[in-house]
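Undergrad: Below you will find the structure I want to go over with you.
Coordinate-derived values only; no laboratory data. Every value quoted in this text rests on a predicted model; they were computed, and no experiment measured them. Virtual Cβ from ideal backbone geometry, glycine too; neighbours counted across all protein chains shown.
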Amino acid sequence: MMADAFLGINILHDTSAALVVDGELVAAAEEERFNCDRHTTAFPNSAIDFCFERAEITKGQLRGVAVTFDYRQFRLNLQPFEQNTINHDDVTLRGRRKIAEDNFATWRRAKRELARSGLPTPRFMRHHLTHAACGYYLSGFDGAGVVVFDGRGERESTSLWRGSGARLNHIESYSIYDSLGQLYTYVTSLCGLYGKIGNEGKTMGLSGYGTGRLHLDDVVTFDPNRYHIDRKRMRELSRYRVPLGQLNSDSQELAYAVQKKLEEAYRFLARRIQQLTGLRSFVLSGGVALNCNANAMLAGSPDVERLYVPPAANDAGTSIGAAFVQWVEYSGKSPMVPIDPVYLGPAFDEDAIKASIVRTGLTRVAKVCDPARIASEAITKGLVVGWFQGAMEFGPRALGNRSILADPRDAEMPKKLNDRVKFREPWRPFAPSVLQEKAEEWFTPTLVSPYMLLSLTVRSERRSLIPAVTHIDGTSRIQSVTREVNPMYYRLIEEFFARTGIPMVLNTSLNIRGESIARTPDDAIRCLINSGLDVLVIGNFVIWKENINLAL
Ligand SMILES: [Fe+2]
């Protein structure tokens, strides 16, 4: 029997699948968690299979499938793509052609996979529509101005939309020549930070070290109703290029300059969409919307009544958007929004966890009744704790179910984490998970940041108390946690607060550098064995590293 079920598939990078059944988002996952290739371009077969498994329906029962990019439009647009796209390390025409060819190879592969997948024939949806739908419908707002910005869609790089009840209408767009996403990625590459897609957050972290010596005023300009990017001037920035991994002070200044320009563009677009819609509720989506500094700047602006950025603002989230659009077209109704559209991935019961522990032959294991208390005690004692609970998060952040947790009071903790587990650049900040109702005592302005997508300012008198999560510029990219959304994680932080007076813990994703975030108990245990984690709290089990001898 047919179900009112709709599947969305992202086949670009950060490939993913999401399933909406009877208007409810019931499952979503990114393929990288299955194939362990970060930002993977592989067709999301495993993520699709997981969605059906979780929803307990079969492929044959689907009412519709949509892919989040319309390659027919893209093909028409190939020439400007070649002329325009910046291959991050090779700006020659040959280099840019290669990117175009790679994209078409992905497309051909996806077509083959779709043909043999057993799925109904898919629709190909406008990429920015799927970003906009992901953000708007998850926001739960009745009406909002929606801004989508990313590297590029088929023909556009920034688009403005109006959400009104269940309707989502396009207003205006910017071509791929005015891509804020590509500008930011280009600067990331000039700073020697590119390496692989998704490193733009490093540029944002680096911008905290700039002083304002450089500016990009001739690269990005503003008319009353449009912004423009001067590609020639943009390319001239190549004089600042440094090799991969070799930052210098120009890199810091360039990062600062592009960040400031992006924030100016944010303000401009907010004004513009307000002018066009009369609304003061905004939704941001697309990869650019992962910029926590700019998001916070906008969210704190007096012109903005409410701002929503979905947890997977990047391409991963487009699969959710494509499933939503199909549901809305079919039913005429908005989808139902879960209390927190994050914990949508695979979960493992006690038997599965136990089996995994037995398989690995680990012996220093205890079963406990209150894992949150044990974990908070271990953090208080300076240990680095792996924390694996419930369903896996969807989106680029670990939000308390697949996390590494540590003491935010310890100024040496970032170094310890980098040396032993994460191996990240020493200048990159770590972030805290904070009890929501305590956040305003520590951070300003008062904003809710459930998905770690806003950088707030740590109150100056408190900075010395939480050095491990305070960035050089005094900011902190917080996750505000509520009991309703994640009761177990909330309890852990509450316990830590009761012991220390600090209502937050340092939270970074449960993975080792270069690997994707842990999905299964096996992944988490491998992380414990192969890295400097001291203890892993997984379901109701606590597993100690061999050299740790601490009774809790
Ligand atoms: Fe995108």
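Undergrad: Using the beta-carbon distance between ARG233 and ALA355 and R0 = 60 Å, what value does 1/(1 + (r/R0)^6) give for FRET efficiency, to the nearest 0.05?
TA: Here the calculated transfer efficiency is 0.50.
Undergrad: Taking 8 Å as the Cα distance limit and 6 or more residues as the minimum spacing, I'd like the relative contact order of segment 350-544 as a percentage.
TA: 35
Undergrad: Given the Cα-Cα distance of MET336 and ASN45 and 0.36 nm per residue of separation, how much length would full extension add, in nm?
TA: Length gained between MET336 and ASN45: 102.2 nm.
Undergrad: Sorted from fewest to most neighbouring beta carbons within 10 Å, what does the list THR318, THR203, THR508, THR68 look like?
TA: Listed from fewest to most nearby Cβ atoms, that is THR508, THR203, THR68, THR318.
Undergrad: Determine the percent antiparallel among the DSSP beta bridges restricted to segment 428-510, to the nearest 5.
TA: In segment 428-510, approximately 75 percent of DSSP beta bridges are antiparallel ones.
Undergrad: With a Förster radius of 25 Å, plug the Cβ-Cβ distance of ARG513 and GLU546 into 1/(1 + (r/R0)^6) and report the FRET value to the nearest 0.05.
TA: The value I calculate is 0.65.
Undergrad: Which GluC sites (Glu not before Pro) does segment 284-371 hold that lie in a coil by DSSP with at most 16 other beta carbons within 10 Å?
TA: Sites meeting the loop and neighbour criteria: GLU305.
Undergrad: Just tell me which aspartates and glutamates come within less than 18 Å, Cα to Cα, of LYS98; anything on the same chain fewer than 8 places away is out.
TA: Partners within reach: GLU82, ASP89, ASP90, GLU154.
Undergrad: Just to be sure I understand the rule: take each whole DSSP H helix in the chain, project its Cα atoms onto its long axis, keep it if the span is 27 Å or more and its mean Kyte-Doolittle hydropathy is at least -1.0. Which ones pass?
TA: Those that clear 27 Å and a mean of -1.0 are 249-277.
Undergrad: When VAL242, VAL358, VAL288, VAL148 are ordered from fewest to most other Cβ atoms inside 10 Å of their Cβ, what list results?
TA: Fewest-to-most Cβ neighbours within 10 Å comes out as VAL358, VAL242, VAL288, VAL148.
Undergrad: Along Cα→Cβ, 7 Å out, is where each label goes; now give me the distance between the ones at ARG109 and THR121 in nm to one decimal.
TA: For the pair ARG109/THR121, the computed spacing is 2.6 nm.
Undergrad: Sticking with this one: Please list the radius of gyration and Dmax for the chain, considering alpha-carbon atoms only, with Å as the unit.
TA: When restricted to the Cα atoms of the chain, Rg and Dmax are 22.7, 67 Å.
Undergrad: In addition: Where the only charges are on Cβ atoms (+1 Lys, Arg; -1 Asp, Glu), what is the dipole of segment 303-420 about its Cα centre, to the nearest 20 debye?
TA: Around 500 debye, computed over segment 303-420.
Undergrad: Among the lysines, which fall within straight-line cross-link reach of LYS333, defined as a Cα-Cα distance under 28 Å, with same-chain neighbours fewer than 8 residues apart omitted?
TA: The qualifying lysines are LYS59.
Undergrad: Something else now. Nearest 5 percent is fine: what portion of the DSSP beta bridges confined to the chain is antiparallel?
TA: Restricted to the chain, the bridges split so that about 75 percent are antiparallel.
Undergrad: OK, next. May I ask you to sort ARG477, ARG491, ARG167 by Cβ crowding, counting other Cβ atoms within 10 Å and putting the fewest first?
TA: So the residues, fewest neighbours to most, are ARG167, ARG491, ARG477.
Undergrad: Excluding residues fewer than 8 places away in the same chain, name every one of the lysines whose C-alpha is closer than 28 Å to that of LYS381.
TA: By straight Cα distance, LYS381 reaches LYS354, LYS367, LYS415, LYS416, LYS422, LYS438, LYS545.
Undergrad: For segment 31-66 and segment 266-287, what is the separation of their Cα centres, given in Å?
TA: Rounded to whole Å, the Cα centres lie 33 Å apart.
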